[in-house]
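Below is one structure, written out as structure tokens; comments come after it.
The values are calculated or read from the model by the stated rules, or taken from the named source; none is laboratory data. Bear in mind that the values here come from a model prediction, so they are computed numbers and not experimental data. Ideal geometry is used to build each Cβ from the backbone, glycine not excepted, and the neighbour counts take in all protein chains shown. Side chains included, ligands, DNA and RNA excluded: accessible areas come from the protein's heavy atoms. Shrake-Rupley method; radii C 1.70, N 1.55, O 1.52, S 1.80 Å.
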Amino acid sequence: MKVPYQPKTLRQIASVHGTPTYVYFEEIIRDRCRKLKDKVSLLPHKLLYAMKANYNPAILKIICEEGIGIDAVSIGELELAKRVGFAPEDVLYSANSITDEEMHTAASYGSLFNIGELYRLARFGEAFPGTDVCIRLNPKVGAGHHEYVVTAGEKSKFGIPMEYLPEALEIAAKHRLKIIGIHQHIGSGILDIADLWSAVEVLLEAAPNFPDLTFINFGGGLGIPYRIGEASFDYDGFQQVLIPRIKEWSEVLPQQLAFWFEPGRYFVAEAGTLLTEVTMLKQNGIGSRTFAGTNSGQNHLIRPMFYNAYHEIFNLSNPTGILYNYDVTGNICESGDRFAKDRPIQEIRVNDILAILDAGAYGYAMSSLYNLRPFPEEVLVRKTGEVEVVRKRVSPTSLIDQLLSETTD
Ligand SMILES: Cc1ncc(COP(=O)(O)O)c(C=O)c1O
């Protein structure tokens, strides 16, 4: 069984701050930032953070201090990145399916656009002729932990398919757009570097088509091991095989390029734990499975329900307890509202505190107000051990005050 990072600290936080609460460890985030920089250090590089994974401003500040830029996908993300202190040149705007209005608003932030549709490229060219742009290509090779997170290949809405490259170049020429970057992001939760390499190769081969090219962005997608014993993304292979191969390729390219990566999950997933309290135990007759109900649910961490994703669950209140099998469920009125199915966990009692691990990415960021239950609190454990509330818990009455202030009769 995977043991949570600093279980004593987690127990203390649960007793002082209550639950449900997301806890993040600054130390782990900084460690991941530095590790990745080290892995790509052989290449001229730039790292971005896909802030959709976790947009808490305190986390963004840490990432900014580490010298990492931002992959932003909405005006909200651009605005938050700006307010946190990211410079426009360290932000890449990769929104999809945008309107002309959004395009004009986004342009006022001064960041480079990454465009993955011919129609949008043409509209961008008409509006901003003669400017720099990055284009997102679809290398026809997708990968990921679930079909919903595969973002390249024939079934994906993302990126300009390679066979439309001549059209993309024609549009760029017509509007004097300088394609200074090419981009791909083939999916999320990739564990095998061979998947990444097959897409990387497609972009490297395409590079000579772009005389103004200054960088190639290979996207994010680096997976983390959610289960004990699960292979992690092959970082040694990444550093010792994939990066040197890119370097080798780049040496025969006519121009000197920088190579970008933009993970989200890798930087924050393992830094976050969701703490929840057990509110009920029940069985549906003799021999039935045991349900351990909690005060959180799909509204706070939708990954198990949405992707059938696995998150380790550790009973912080009974760490040495005998293992029994449980369905760990939430308090939302949906049968699929379940964190784990038939899972061996240390014996659970009512009021026990459960730690749901590796929840720092696509956890809070994908949460909702479904059933009008408020969001969890978010707490950051500093490197010094200091515990800071980085997003306050809102009471149900304040939530409804807010709702009524936004609605009209
Ligand atoms: C364009 C783009 N870049 C990067 C990412 C980050 O992916 P991951 O969190 O798997 O690294 C995403 C995630 O959806 C994305 O859409």
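Could we say that TYR148 is within 14 Å of the ligand (Cβ to nearest atom) and either surrounded by 15 or more Cβ atoms within 10 Å (Cβ to Cβ) or not assigned by TED's automatic domain parsing to the domain that holds ARG136 (or both) here? Answer is no for this residue. Of these, PHE306, PHE314, which one is in contact with a Leu (Cβ under 7 Å, 6 or more places away or on another chain) and among the aromatic types (Phe, Trp, Tyr)? Answer to the check: PHE314. In region 176-188, the qualifying residues are those that are in a loop (DSSP other than H, G, I, E, B) and away from the ligand (no atom under 16 Å from the Cβ), and the one that is most open to solvent (accessible area, probe 1.4 Å) is ARG176.
May I ask you to list the residues in region 80-99 that are small (Gly, Ala, Ser) and over 18 Å from the mean Cα position of the chain (by Cα)? Selection gives GLY85, ALA87, SER97. Selection of helices (runs of 4 or more DSSP H) fully inside region 1-90 by the criterion of at least 3 residues being touching a residue at least 40 places away in the same chain (Cβ under 8 Å) returns 7-17, 26-39, 57-65. Checked against the criterion of being assigned to a loop (DSSP other than H, G, I, E, B), touching a residue at least 12 places away in the same chain (Cβ under 8 Å) and more than 16 Å from the ligand (Cβ to nearest atom), region 231-241 has at least one qualifying residue.
Return the only residue of LEU213, LEU191, LEU169, LEU253 being at pLDDT 95 or above and open to solvent by 10 Å² or more (accessible area, probe 1.4 Å).
LEU169
If you filter region 70-114 down to residues that are among the β-branched types (Val, Ile, Thr) and within 12 Å of the ligand (Cβ to nearest atom), you find that the one that is least open to solvent (accessible area, probe 1.4 Å) is ILE70. Being buried (at least 23 other Cβ atoms within 10 Å of the Cβ) and under 19 Å from GLY18 (Cβ atoms) is a description that applies to SER296.
This table checks each residue for (1) of a type in the set (A, V, I, L, M, F, W, C); (2) open to solvent by less than 20 Å² (accessible area, probe 1.4 Å).
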site	(1), (2)
VAL328	yes, yes
CYS333	yes, no
GLY336	no, no
ALA340	yes, yes
ASN371	no, no
GLU388	no, no
ARG391	no, no
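Assess whether SER288 counts as being within 16 Å of the ligand (Cβ to nearest atom), open to solvent by 10 Å² or more (accessible area, probe 1.4 Å), modelled with pLDDT under 95 and of a type in the set (Gly, Ala, Ser). The answer is no for SER288. Here SER97 passes the criteria (1) at positive phi; (2) touching a Cys at 6+ places or on another chain (Cβ under 8 Å) except the one numbered (2). Assessment of region 153-175 against the conditions (free of Cβ contacts under 8 Å to residues at least 40 places away in the same chain, within 14 Å of the ligand (Cβ to nearest atom) and of a type in the set (S, T, N, Q)) yields at least one matching residue.
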